[in-house]
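One structure is given here, and the rest of the page talks about it.
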Amino acid sequence: MTIIQNGVIMERFKVLVVDDEQDFLETLVNRLKKRDIDTIGAASGEEALKIMQDNLFDAVVLDIKMPGGMDGIETLREMKKIQPLAEIVLLTGHGSVETSIEGLKLGAFDYLLKPIKLEELLVKLSLAFEKKDLHSHKIRNLKIKELLR
Amino acid sequence: MKKTLYSSLRRKIIFLTLAVSLAPLILLGATIYYQFEKMYKEKIEEQIKYRSQAQAEAVDRFLKARMAILGSMADTHSFWELTDENRLSQLFQIMNLRQGNFVDLGVIDNIGQHRAYVGPYEIKKFNYFHEPWFDEVMSKGIYISNVYTGYRKLPHFIIAVRRQENQQTWILRATIDPEVFGEIVRSAQVGKTGDAYIVNSEGIFQTLPRFDGEILSKSMIQPSLFGSGTTVITAGSKNGKHSLYAGSWLKNNKWLLVISQEVSDEMENLFATQYMEIIIILSGVMAIILTTVLTTRMTINRLISNDSRMNELNAQLMQSDKLAALGKMAAGVAHEINNPLAVILQKTGWMEDLLLEEDFQASSNLEEFKVSIRKIEEHVERARKVVHNMLGYARKMEPHLEDVDINDTINQTVSLLENYARNNNIDIQTDLSSRLPIIASDQAQLQQVFLNLISNAIDAIEKEGLVEISSRLSDAFITVSVKDDGPGIPEDKQKRIFDPFFTTKEAGKGTGLGLWVSYSIIEKLGGKIGLKSDVGKGATFTVEIPVTTPEKK
């Protein structure tokens with residue numbers, strides 16, 4: 001997806017998808033890529049954090065329930081430390097609505113109930129991007145004002 | 001099965017209690033009854049025996065006194081003196097002066113000839129040599145006769161004593177006044193049936209009895225039955241009643257003084273006492289039986305009601321245990337299904353994306369692919385809904401307390417379903433109590449429950465019928481019942497009606513989750529949900545919601 005702002009193509013939308021279900025992850029990455037969104041997949045929280053060290057993302061799609069490795073909330077907390085401006089959309093199944101609400105308190109953008117429809121996800125992602133963009137603008141404007149002073 | 005158990009238990013308790021309490025009572029009663037009778041009889045016998053003995057002694061004393069008088073007269077006078085009738089007459093007067101009770105007096109010589117006589121009868125001319133008593137008095141020295149009529153044709157008896165005077169042997173003979181003698185004996189006749197008389201060793205009356213005969217007639221007494229001293233026997237008397245006879249031998253066992261008494265006469269007091277005792281024992285027995293039966297019935301009834309309450313509690317406990325376990329399982333299963341569903345949905349989405357590419361657009365089967373993919377998505381959606389319902393309810397279980405007007409909630413729910421009902425010719429009637437308080441509960445969840453119950457009722461009726469909804473306040477609960485006149489629910493299905501995924505509707509029409517969810521909601525709200533139904537008579541679901549007063553704001 002190309003983000004157009006004020007009639008100018010600003011930049012490509014960059015998304016990180018984190019899910020331990022390999023088939024789900026692969027397919028979702030493919031479908032987002034097909035929609036021209038720069039998407040990278042990560043099969044665990046640890047892997048996601050490693051990728052985030054090197055790449056900036058606009059949004060992260062994070063499955064909150066990943067048995068085995070680092071759990072969703074922990075991952076979310078770490079992500080917010082690395083890239084505070086990246087908006088995080090949580091994917092939640094049964095038993096994790098409360099966890100999602102906890103996630104919202106920790107700064108996640110929103111949550112979606114699995115199984116998701118791609119259209120719903122796209123809507124959420126664009127909203128997330130708008131918000132992130134607004135934030136970035138504000139910060140940029142603040143910085144410019146500072147420089148001009 | 002249960003009923004016979006209870007009644008056999010009741011029988012056992014009643015039987016044991018009665019046996020333990022009645023046996024000693026009856027035994028004691030019978031013992032007292034017979035012991036008392038025995039003692040009383042002994043007492044009566046002793047009494048009559050004593051009277052007989054005393055009377056016999058009195059009679060004996062009387063006779064001995066007469067013999068002594070006669071003897072001393074004979075010993076102090078000579079034959080010549082006494083054959084002088086003037087002298088004899090004088091003596092006779094002296095003898096009778098102080099209650100001598102002699103009727104006459106005679107002197108008889110050793111050949112039986114009356115030599116002198118004082119008395120009212122003309123018997124001086126008689127010779128007694130051939131009379132049996134003459135020999136006896138001559139040999140034994142003293143003689144008391146039986147009563148006989150003799151020459152004078154009147155019943156009497158005589159006393160005779162022999163005097164040995166030098167070579168001369170003579171006899172002084174006197175007749176005892178039978179009236180006076182009889183009077184002495186008769187003085188022992190007491191009570192209404194008491195009798196007293198003397199018989200000789202052949203059973204001939206020697207005195208006039210009060211009943212049963214004349215003097216010198218044969219009595220019913222068999223003297224051989226009476227032993228030495230005083231003996232008491234019981235025998236039937238003429239009128240068929242039992243009588244006691246006490247006989248004492250006197251006059252060297254030649255006479256028997258008999259005192260008789262009808263048993264019933266003496267026993268009246270005893271019978272009254274025994275009658276009283278029987279009444280007391282009987283009323284005691286009645287009281288015990290009555291108390292035992294009543295208390296046993298009460299105990300058994302309490303036991304039955306306790307048992308049924310216990311069974312009800314057990315059933316409820318089992319039901320909620322089962323539903324909790326099923327709920328957990330269902331939630332687990334739902335979670336496991338959700339993940340594959342998510343993958344399937346993504347894969348079909350991906351396929352749709354790919355179908356947009358040119359290679360596929362050219363394929364003649366493009367439409368078929370699209371239709372198949374849509375169908376897959378449709379059914380994934382269906383599965384997703386089931387799981388979402390389940391998970392959604394399981395998730396949203398924590399009640400959100402607010403001020404709820406139950407009647408309002410019912411009315412809102414009814415208005416939601418009115419159209420649906422009207423289309424099926426089903427009438428919904430509400431009978432709502434105006435006394436319901438506002439309670440703290442979860443309106444959305446309660447509406448969900450009412451919606452489930454009412455739409456189930458409509459579905460059960462199918463076409464044409466009546467759904468009645470009522471609300472009532474009772475103590476700590478508001479009771480809402482939803483009644484339909486549909487076909488009813490068979491008993492085997494009633495037990496499973498609240499189970500998840502259990503449905504009586506056609507496949508695909510019901511998820512089998514509505515009542516399960518309703519059950520869980522009501523239970524979380526602290527209430528109860530129940531069902532009463534008979535096949536052919538419709539079904540009534542009853543919801544009890546606790547009255548929780550809202551906090552004052």
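Quick notes on this one:
- Label-reachable residues, the range B:1-29, where backbone N falls under 19 Å from a point 7 Å from B:I300's Cα toward its Cβ: B:1-22
- Taking Cα atoms only, the orientation of helix B:366-395 departs from the longest principal axis of chain B by about 40 degrees.
- For the range B:39-91, the spherically averaged projection of the C-alpha convex hull amounts to 4.4 nm².
- All lysines inside 22 Å of B:K218 as judged from Cα atoms, apart from same-chain residues fewer than 8 positions distant: B:K153, B:K238, B:K241, B:K251, B:K254
- The range A:41-58 and the range B:449-491 have Cα centres separated by 56 Å.
- Averaged over the residues of peptide B:342-355, the number of Cβ atoms from other protein chains lying within 10 Å of each residue's Cβ is 6.
- For B:K385 and B:K370, the difference between the fully extended length at 0.36 nm per residue and the C-alpha to C-alpha distance is 3.2 nm.
- Using a Förster distance of 60 Å, the FRET efficiency for B:A325-B:Q35 (Cβ separation, nearest 0.05): 0.25
- Among B:V293, B:V467, B:V137, the ranking by other beta carbons within 10 Å of each residue's beta carbon, starting with the fewest, stands as B:V293, B:V137, B:V467.
- For the range A:2-148, the share of alpha carbon pairs falling in successive 10 Å distance bins from zero is 11, 43, 33, 10, 2, 0 percent.
- Share of pairwise Cα separations in the range B:107-196, more than 24 Å, in percent: 29 percent
- Computed per residue of chain B from DSSP H runs no shorter than four, each worth -39500 (n - 2.57), the mean residue ellipticity at 222 nm is -18500 deg cm²/dmol.
- The protein assembly as shown: antiparallel DSSP beta bridges as a percent of all, rounded to 5: 75 percent
- Highest average first, the peptides B:181-194, B:265-278 ordered by how many other beta carbon atoms sit within 10 Å of their residues are B:181-194, B:265-278.
- Partners for A:K124 among lysines (Cα-Cα distance below 20 Å; same-chain residues under 8 apart left out): A:K14, A:K33, A:K34, A:K65, A:K80, A:K105, A:K114, A:K132
- Projecting the Cα positions of A:P84, B:G327, B:A362 onto the charge dipole of the protein assembly as shown (unit charges on Cβ atoms of Lys, Arg, Asp and Glu, taken about the Cα centre) puts B:G327 furthest along the positive direction.
- Cα-based Kirkwood hydrodynamic radius, the range B:482-553, one decimal, Å: 13.5 Å
- Counting lysine pairs in the range B:22-129 whose alpha carbons fall under 30 angstrom apart, excluding pairs fewer than 8 residues apart on the same chain, gives 5.
- Each part reduced to its alpha carbon centroid, the range B:198-236 and the range B:300-379 end up 118 Å apart.
- Structural size metrics of the range A:72-149, computed from C-alpha coordinates, are Rg and Dmax of 15.1, 52 Å.
- The range B:244-259 and the range B:51-125 have their alpha-carbon centroids 25 Å apart.
- If you plug the beta carbon distance of B:E357 and A:K117 into 1/(1 + (r/R0)^6) with R0 = 30 Å, you get a FRET efficiency near 0.90.
- Restricting the calculation to Cα atoms, the range B:398-546 yields a radius of gyration followed by a Dmax of 14.6, 42 Å.
- Cross-link partners of B:K483 among aspartates and glutamates (Cα-Cα below 16 Å; sequence separation of 8 or more within a chain): B:E418, B:D427, B:D431, B:D459, B:E462, B:E464, B:E468, B:D534, B:E544
- In terms of other Cβ atoms within 10 Å, B:F79, B:F498 run from fewest to most in the order B:F79, B:F498.
- Computed E for B:R210/B:E122 - FRET, C-beta separation, R0 35 angstrom, nearest 0.05: 0.55
- Label reach from B:F502 (point 7 Å along Cα→C-beta): in the range B:298-338, amide nitrogens under 14 Å belong to B:315-327.
- Pair-distance profile P(r), taking every C-alpha pair of chain B, with 20 angstrom steps and integer %: 15, 22, 13, 9, 10, 12, 12, 6, 2, 0
- Residue mean of other protein chain beta carbons inside 10 Å, A:81-93: 1
- A simple charge model with +1 on the Cβ of Lys and Arg, -1 on the Cβ of Asp and Glu and nothing else charged puts the dipole of the range B:7-50 at about 360 debye relative to its Cα centre.
- Distant alpha-carbon pairs in the protein assembly as shown (separation over 40 angstrom), percent: 67 percent
Since every read-out is calculated from the coordinates, none of them should be taken as a lab result. Just so it is clear, the structure is predicted and the values come from calculations on it, not from any experiment. When we count neighbours, we look across all protein chains shown, and the Cβ atoms used for this are built from the backbone with ideal geometry, even at glycine.
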